[in-house]
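The values are calculated or read from the model by the stated rules, or taken from the named source; none is laboratory data. Worth saying up front: this structure is predicted, and the values here are computed from it rather than measured. FYI the Cβ positions are ideal-geometry reconstructions off the backbone, even for glycines, and counts take in every protein chain you see. SASA here: full protein model, heavy atoms, side chains in, ligands and nucleic acids out. Shrake-Rupley method; radii C 1.70, N 1.55, O 1.52, S 1.80 Å.
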Amino acid sequence: MADKVKLRSSDQQMFEVEEEVAFQSLTVKNMSEDTGLDAPIPLPNVSSKILAKVIEYCKYHVDAEKKADDKPSKTEEEIKTWDTDFVKVDQSTLFELILAANYLNIKSLLDLTCLTVANMIKGKTPEEIRKTFNIVNDFTPEEEEEVRKENQWAFE
């Protein structure tokens, strides 16, 4: 049986996870090497709601990479479809996943979540982007005109 790693979220919820799944996070892997696996690893920057999602992602990807008859148990297409569905969450959750993936040092999850945000922005005007992300335009009309002149290439 694989060793288990205990993770403690910012709201003090405990998660017991297989070592292989937990070590998808380089942060967790490094912390466990420093402290051992006996005590829970505190993750003060990750809530239980987001940690549960991160564990779901890591578990799926560990299972997907397991070999059966010399080939991965999931095809690239199956993984891509699952990843696409995984990031179909509200904006707040998506941004929390980005922060967690960055803090936990899970490159594949960080790439996936950032790509999702990039796709939300792609092809949109600054006004549409502001509306999508609820950003208040604090430029005066003069300042906005100056920015447009300085960055003419971006508006062509």
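Structural remarks
- Nearby lysines by direct alpha-carbon distance to residue 88 (threshold 23 angstrom, same-chain neighbours under 8 apart not counted): 49, 53, 59, 74, 80, 107, 122, 124, 131
- Accessible surface area normalised per residue over the chain is 66 Å², counting heavy atoms of protein chains with a 1.4 Å rolling probe.
- Trypsin sites (Lys or Arg not before Pro), loop per DSSP, at most 11 other Cβ atoms within 10 Å - longest free stretch of the chain: 1-65
- 3J(HN,Hα) along region 145-150, derived from phi through the Karplus expression 6.51 cos²θ - 1.76 cosθ + 1.60 where θ = phi - 60°, amounts to 4, 5, 4, 4, 5, 5 Hz, with x in place of Gly and Pro.
- Estimated Rh, region 25-156: Kirkwood, alpha-carbon pairs, angstrom: 17.8 Å
- Most mobile of 78, 144, 19 in a GNM of the chain (Cα contacts under 10 Å): 144
- Global dimensions of region 78-156 from alpha-carbon coordinates: Rg and Dmax equal 16.0, 50 Å.
- A cut-off of 5 Å between modelled amide H atoms, ignoring neighbours fewer than 5 places along the same chain, links residue 41 with 6, 7, 8.
- Near the amide H of residue 46, within less than 5 Å, lie the amide hydrogens of 10, all on another chain or at least 5 residues away, with H placed in the peptide plane.
- Straight-distance candidates among the aspartates and glutamates for linking to residue 149, with alpha-carbon spacing under 18 Å and chain neighbours fewer than 8 residues away dropped: 127, 138.
- Förster radius 30 Å - calculated FRET efficiency between residue 117 and residue 16, Cβ distance, rounded to 0.05: 0.45
- Computed over the chain with a Gaussian network model linking Cα atoms closer than 10 Å, the most mobile of 30, 45, 134 is 134.
- Couplings for region 110-127, taken from phi via the Karplus curve 6.51 cos²θ - 1.76 cosθ + 1.60 with θ = phi - 60°, read 4, 4, 4, 5, 5, 4, 4, 5, 4, 5, 5, 8, 3, x, 9, 6, x, 5 Hz in order; Gly and Pro are left as x.
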